[in-house]
Amino acid sequence: MASIIPSIPRERTGNKILRKRLIGSTITGWYPHRIITLRKITDTFPGMKLVNQEEKLRLEEIAKRKKRGKGAPKKGQGKRASLGTKKQK
């Protein structure tokens, strides 16, 4: 009784997609598992003073953009936030 789906004329139910076999485990099987990362090493051994070069470069680029005035706006200072305050008035 619970497996019966009521049929509504001209209404899509999604049955075709729900009947398909799930492929998530097959896709994840193609990629190797990450065993250890730099973050795990630095968290485990904080005295080693390791530096993540990619993260350091990213932070430098953000600082350069902010200096030129091209950085991301502060939270609540963007275009959409200002639109909401205009409508309320």
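The values are calculated or read from the model by the stated rules, or taken from the named source; none is laboratory data. None of the values given here were measured: they were computed from a predicted structure. Neighbour counts run over all protein chains shown; Cβ positions are idealised from the backbone, glycine included. Keep in mind that these areas ignore ligands, DNA and RNA; they rest on the heavy atoms of the full protein, side chains included. Shrake-Rupley method; radii C 1.70, N 1.55, O 1.52, S 1.80 Å.
Using the rule -39500 (n - 2.57) for each DSSP H run of four or more residues, divided by the residues of the chain, the 222 nm mean residue ellipticity is -14500 deg cm²/dmol. Site pair THR44 and THR28 shows an inter-label distance of 2.2 nm when each label is modelled 7 Å from Cα along Cα→Cβ. For the chain, which whole percent of the accessible surface, found with a 1.4 angstrom probe, sits on carbon and sulfur atoms? About 58 percent, which is the carbon plus sulfur part of the accessible surface.
Across the stretch 32-48, the residues whose backbone nitrogen lies under 15 Å from the label position 7 Å along the beta-carbon direction of LYS56 are 38-39, 42, 48.
When the charge dipole of the chain is built from unit charges on Cβ atoms (+1 for Lys and Arg, -1 for Asp and Glu) and taken about the Cα centre, the candidate among GLY47, ALA63, GLY29 whose Cα reaches farthest toward its positive end is ALA63. Using only side-chain charges placed at the Cβ, +1 for Lys and Arg and -1 for Asp and Glu, the dipole size of the chain relative to its Cα centre rounds to 800 debye.
If a/c stays under 1.5 just call it rounded; otherwise compare a/b with b/c (prolate if a/b is bigger, oblate if not). Do that for the chain, with a ≥ b ≥ c from the square roots of the Cα gyration tensor eigenvalues.
Values: a/c = 3.68, a/b = 1.34, b/c = 2.75.
In terms of gyration-tensor shape, oblate.
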